[in-house]
Amino acid sequence: MGLSPRPSFATSLCAGALAGTTVNVSLFPLDTIKTRLQAPSGFTAAGGFRRLHQGLASAAVGSAPTAALFFCSYEVLKPTLAAARGWDQDSPSVHIIAASVAEAVACIANVPTENVKQKLQVGRFGGTVACVKEILQTQGAMGFFRGYSATIAREVPFAAIQFPVFEALKGCWGRNQPGQSIDTYQAAVCGSVAGALAGLATCPLDVAKTRLMLGTDRHGRAYTGMLSTLRRIYAEGGAAGLFAGVGPRVAWMSAGGFVFLGSYEQAKASLMGTV
């Protein structure tokens with residue numbers, strides 16, 4: 001379909017790391033606004049529009065390993081699944097399963113830094129060191145993995161929507177220029193559309209994940225379990241509560257898909273010597 005050759009493990013590792021760092025650093029203020037809109041304390045109490053780069057260091061540290069783990073897993077799983085099941089490597093089933101498993105693997109690196117980042121974004125700590133010390137002292141090492149299952153419950157549906165849409169759009173675009181790889185900007189546009197759709201569909205899961213990572217509401221009552229948290233958010237705020245921060249989330253995922261997947265395709269092509 002005119003798509004680029006399959007990248008090596010090292011290419012996926014480097015391209016994924018570069019893409020992840022690029023998108024998380026460049027779009028961090030949008031992520032902060034989204035998190036504060038979802039915080040149980042409310043947007044203003046969580047910091048409003050002040051210090052929108054609070055928590056950036058944690059995000060930057062986690063960006064490269066998270067993205068690298070995802071793309072390495074994704075690119076390795078696609079041919080493995082296709083061979084094992086006798087499927088076409090570009091079939092939606094392969095993309096859905098590979099992306100879902102890859103997200104679960106990437107969460108190993110993502111969740112600890114996400115825990116620190118979100119607590120800093122809503123102003124619960126003044127700096128990364130203080131936040132890390134508090135988590136270790138009060139919850140131990142496993143405190144960094146609070147919300148792990150909730151993050152997977154958000155990321156797997158997101159990936160299952162985003163990557164089949166992304167690959168399908170790339171395939172459609174590629175059919176119009178047989179024998180050639182699609183351009184970076186074309187891949188970026190495909191990523192933008194796919195990211196926006198997936199971000200919109202999974203917003204309630206993202207709100208619940210944020211609440212679970214923050215731990216308690218404004219009255220100190222703990223959030224426990226994804227379904228319980230979703231019911232509680234709906235009881236307190238209705239559908240609007242479940243879609244808190246949807247505007248910044250969709251904008252972030254759309255711009256993020258453009259930068260993230262565009263950067264990945266560009267880095268991958270450069271490393272493979274196809275551009």
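Distance cut-off 22 Å, Cα to Cα: go down the list Lys34/Lys209; Lys78/Lys209; Lys34/Lys117; Lys170/Lys209 and report the pairs above it. Intermediate values should be presented prior to the final figure.
On the way: Lys34/Lys209 12 Å; Lys78/Lys209 28 Å; Lys34/Lys117 13 Å; Lys170/Lys209 30 Å.
Listed pairs above 22 Å: Lys78/Lys209; Lys170/Lys209.
Where a ≥ b ≥ c are the square roots of the eigenvalues of the C-alpha gyration tensor, would you call the range 217-265 rounded, which needs a/c under 1.5, or, failing that, prolate if a/b is larger than b/c, or oblate?
Numbers: a/c = 3.28, a/b = 2.46, b/c = 1.33.
The shape class here is prolate.
Taking only protein heavy atoms and a 1.4 Å probe, what accessible area per residue, in Å², does the chain have with all protein chains in place?
Values: 11580 Å² over 275 residues.
Here the residues of the chain average 42 Å² of exposed surface.
Projecting each Cα onto the charge dipole of the chain (Lys/Arg +1, Asp/Glu -1 at the beta carbon, about the Cα centre), which of Ala130, Met253, Pro29 comes out farthest on the positive side?
Going by the charge dipole, the pick is Ala130.
Can I get the semi-axes of the range 126-180's equivalent ellipsoid? Compute them from the C-alpha gyration tensor as square roots of 5 times the eigenvalues, in angstrom, largest first.
Numbers: eigenvalues 369, 38, 10 Å².
Value: 43, 14, 7 Å, ordered largest first.
In straight Cα distance, which aspartates and glutamates are under 18 Å from Lys133, not counting same-chain residues fewer than 8 positions off?
Glu114
With +1 assigned to the C-beta of every Lys and Arg and -1 to the C-beta of every Asp and Glu, and no other charges, what is the dipole magnitude of the chain about the Cα centre in debye, to the nearest 20? Don't skip to the answer; put the middle values down first.
On the way: 23 positive and 14 negative charges, 172 e Å.
Dipole about the Cα centre, nearest 20: 820 debye.
Among 82-90, 237-245, 221-229, how do they line up by average Cβ neighbours within 10 Å per residue, starting with the highest? Please report the intermediate quantities before stating the final value.
On the way: 82-90: 12.1, 237-245: 16.0, 221-229: 14.4.
Highest mean packing first, the order is 237-245, 221-229, 82-90.
Would you calculate, for the chain, the mean residue ellipticity at 222 nm contributed by helices, counting each DSSP H stretch of 4 or more residues as -39,500 (n - 2.57) and dividing by all residues, to the nearest 500? Provide the component values of the computation, followed by the final result.
Details: 10 runs with 203 residues, N = 275.
Value at 222 nm, helices only, nearest 500: -25500 deg cm²/dmol.
State the extension gain, in nm to one decimal, for the chain segment bounded by Arg231 and Arg51, taking 0.36 nm per residue of separation less the distance between their alpha-carbons. Each step should come with its number before you reach the end.
On the way: separation 180, 0.36 × 180 = 64.80 nm, distance 3.15 nm.
Extra length from Arg231 to Arg51 when fully extended: 61.7 nm.
Nearest 10 degrees is fine. How inclined is helix 28-38 to the longest principal axis of the chain, computing both from alpha carbons?
Helix 28-38 sits roughly 50 degrees off the main axis of the chain.
Over the range 80-197, what portion of Cα pair distances is larger than 19 Å, expressed as a whole percent?
It works out to 61 percent of all Cα pairs.
Report the net charge of residues surrounding Asp31, where surrounding means a beta-carbon distance below 12 angstrom and charges are Lys +1, Arg +1, Asp -1, Glu -1. Display every interim value, and only then the final one.
Values: positive: Lys34, Arg36, Lys117, Arg249; negative: Glu114, Asp206.
Here the charged neighbours net out to +2.
Could you rank Leu200, Leu30 by how accessible they are, 1.4 Å probe, largest area first? Spell out each step's value before the answer.
Values: Leu200 85, Leu30 50 Å².
Listed by decreasing accessible area, they come as Leu200, Leu30.
Who wins for biggest fluctuation among Gly20, Gly262, Gly215 in a Gaussian network model of the chain, springs between alpha carbons below 10 Å?
Answer for the Gaussian network model of the chain: Gly215.
How long are the three semi-axes of the equivalent ellipsoid of the chain, in whole Å, if each is the root of 5 times an eigenvalue of the C-alpha gyration tensor, listed from largest down? Before the final figure, lay out the partial values.
On the way: eigenvalues 222, 69, 61 Å².
After diagonalising the Cα gyration tensor, the semi-axes are 33, 19, 17 Å.
So, by mean Cβ neighbours within 10 angstrom, what's the order for 250-256, 137-143, 63-69 with the highest one leading?
Details: 250-256: 21.6, 137-143: 10.6, 63-69: 23.3.
With the highest mean Cβ count within 10 Å placed first, the list reads 63-69, 250-256, 137-143.
Give, in nm to one decimal, the length gained when the segment between Gln89 and Arg221 is fully stretched (0.36 nm per residue of separation minus the Cα-Cα distance). Could you put the intermediate results ahead of the total?
Working: separation 132, 0.36 × 132 = 47.52 nm, distance 4.73 nm.
42.8 nm is the gain from fully extending Gln89 to Arg221.
The values are calculated or read from the model by the stated rules, or taken from the named source; none is laboratory data. Everything numeric in this text was worked out from a predicted model, so none of it was measured. For neighbour counting, all protein chains shown are included, and Cβ atoms are generated from backbone atoms with ideal geometry for every residue, glycine included. Just the protein is used for accessible areas: all its heavy atoms, side chains included, with ligands, DNA and RNA removed. Shrake-Rupley method; radii C 1.70, N 1.55, O 1.52, S 1.80 Å.
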